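Asker: Have a look at this one before I ask anything.
The values are calculated or read from the model by the stated rules, or taken from the named source; none is laboratory data. Not measured: the values here are computed from a predicted model. Reconstructed Cβ throughout: ideal geometry from the backbone, glycine too, with neighbour counts over all protein chains shown.
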Amino acid sequence: MHPNRGLLASGLLLLTTGAPAQDFYLGAQIGEAVIEDSPSRVIGELDTEPSWRILAGWQFHESWAIEGSYHDFGEADGSFRPCDQPCTPDIPVQRKVSSDAWSVRLAWRAGTERWQPFVAVGWTWLDSDGVVRGLGSGVGVRYDETDDGFSAEAGLRLQYTEHFALRAGYEYFDLAAAGSGAFNLGAEWRF
């Protein structure tokens with residue numbers, strides 16, 4: 001066995017030792033993606049659609065869970081300069097892109113009280129596709145990009161009943177094509 005796999009297995013075993021009954025949960029959230037680009041490249045405001053995600057989790061310990069998520073960042077539309085300033089030629093490029101992603105994260109929540117702060121860290125795989133128009137031509141050029149990288153989330157859960165919770169948080173993505181993150185609001189159902 002690879003030494004890192006043994007270390008990971010030992011860590012998971014320690015986390016689950018003495019753990020209470022395990023729970024599975026499903027969640028759905030809607031949010032607003034936060035797109036960061038170099039201010040010298042963006043022209044005007046970007047038009048973005050609401051983002052949404054669905055998640056499934058396994059609470060294997062009172063404070064620890066593993067979550068898998070599907071994210072749909074919607075479509076972003078806006079004008080960009082083709083390069084950083086000074087840019088020659090300084091002809092705006094119209095770009096329309098839609099992105100979706102999958103994430104796997106290890107989540108920690110503080111205790112079992114009604115209000116529970118939480119953090120989650122993991123990895124995200126992104127797929128973006130879109131159309132670029134400009135540079136003196138009305139013809140659109142289609143493109144498809146993939147990316148993967150670190151992601152994290154921090155937020156607050158409100159355990160409304162034993163099987164239902166409200167959840168709000170901010171997600172951070174270290175991905176070139178997806179901007180920097182999303183604010184989300186949603187719910188979880190526990191089984």
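Asker: Quick one: Thr48 ticks every box in (1) of a type in the set (Val, Ile, Thr); (2) at pLDDT below 90; (3) within 16 Å of Glu188 (Cβ to Cβ) except a single one, so which number is it?
Answerer: The number of the failed condition is (3).
Asker: So for the stretch 157-166 (the condition being assigned to a strand (DSSP E or B), in contact with an Asp or Glu (Cβ under 6 Å, 6 or more places away or on another chain) and more than 24 Å from Asp47 (Cα to Cα)), does at least one residue qualify?
Answerer: yes
Asker: Let me ask something else. From the list Leu135, Leu156, pick out the single residue that is modelled with pLDDT of 95 or more and among the hydrophobic types (A, V, I, L, M, F, W, C).
Answerer: Leu156
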